[in-house]
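Written below as structure tokens is the structure these notes are about.
Laboratory data are not the source of any read-out in this text; all were calculated from the coordinates shown. Keep in mind the model is a prediction, meaning the values are calculated, not measured. Positions of Cβ are generated from backbone atoms using ideal geometry, with glycine treated the same way; all protein chains shown enter the neighbour counts.
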Amino acid sequence: MSSRRSWLLLVRKLLREYGVRPRSDLGQNFLVVPEVAHYMAEQAHLTSRDHVLEIGAGLGLLTQVLAEYAGRVTALEVDRRLVKILQHQLRTYDNVDLIHGDVLYTHLRHFRKVVSNLPFSIASEILEKLLCEWSFLEVAIVTVQREFAERLVAVPGTEQYGRLSILAKLYGEVRILRILPPHFFYPVPEVYSAIVEIRPKPRSEVPDVSPRVLSQVTALLFSERRKVLRRVLRDLSEHDEVWRQVYTLLPQELLEKRIYELTPEEVLTITKLYTGLRTESGGST
Ligand code: SAH
């Protein structure tokens, strides 16, 4: 296993040789600790029977480790400058498919696992794909900002609890495996990172509402997170007949709760009621 110093040197050398300045808007902080790459591959239990997707292959160092463990690796990268480097770095790996594309607009399938240091700026959108869209996914082992990880596992009544916690809880199981200090990446970011394990629930166990509507309703309610539900629904009722009906149908004790105290199941109940009434009243969801 190569040492940390050698990965750091290699990352800097590649960037210099190709004249690439890392773009922070694309979350380009490259992992420079080989042991962490191996740890991620091991946590995903990659074997030669596995097809793994890496979102944002960067300079290909994690990709090469994944290629040692997995039968097949799909390495996706949006930045053309890095794709050029990857073509060279990965040229001897015949089990790696390199794709130049944006994860949010590339149609991908066949893989069952994801291992990736997620681009932080679109972590939320990727999370929705992992939990709600890629129903064939077994497990994802991903690095995210520590604050983001804490929001994923937050429980009702806490500061970090919100839309992400609710989606995570209703659509999957999320665990924080490890916290990583900033200097494990180059350029060194300002924040700590966390490796999280995400296991989507099987289709038969996920709520039968549209994830999009659940997301919208949750975002709407949580924009007033400190207010009592009764008050929020009364405000919404002024412009929307469907919300007025939701208000009249919910039990009193639920209406007395503050938004950030609502459990994921309670938010789901509200969403289901809203969806049902909206369909009845002829609105589309
Ligand atoms: N896997 C590498 C790089 C992680 S940095 C490592 O571990 O070191 C995140 C990577 O995601 C960057 O290479 C960035 O260019 C890429 N990226 C950012 N937005 C993306 C998108 N929408 N689709 C695919 N890749 C993206």
Once you order the gyration tensor axes a ≥ b ≥ c over the Cα atoms, which shape class does the range 211-280 get: rounded for a/c under 1.5, otherwise prolate or oblate by comparing a/b with b/c? rounded
Farthest positive-ward along the range 4-203 dipole, Cα basis, beta-carbon charges - from GLY19, VAL32, LEU177: GLY19
Pull out the extension gain between ARG49 and ARG21, defined as 0.36 nm times the separation in residues minus the alpha carbon to alpha carbon distance; nm, one decimal. 6.4 nm
Using the crude model of +1 on Lys and Arg Cβ and -1 on Asp and Glu Cβ, and no other charge, please compute the dipole size for the range 211-280 relative to its Cα centre, in debye to 20. 200
Got a sec? Charge dipole of the range 211-280, +1 on Cβ for Lys and Arg, -1 for Asp and Glu; which of ILE259, LEU236, THR279 is way out at the positive end? ILE259
Applying the gyration tensor rule to the Cα atoms of the range 113-186 (axes a ≥ b ≥ c; rounded if a/c under 1.5, else prolate if a/b exceeds b/c, else oblate), the class is oblate
Under a point-charge model restricted to the Cβ atoms of Lys and Arg (+1) and Asp and Glu (-1), what is the dipole moment magnitude of the range 160-241 relative to its Cα centre, in debye to the nearest 20? 260
Rounded to a whole number of µm²/s, how large is the Stokes-Einstein D of the chain at 37 °C and 0.692 mPa s, given Rh as the Kirkwood radius over C-alpha pairs? 160
Under unit Cβ charges (Lys, Arg +1; Asp, Glu -1), what dipole magnitude, rounded to 20 debye, does the range 4-203 have relative to its Cα centre? 240
Euclidean distance between Cα centres, the range 193-257 to the range 2-81, Å: 38
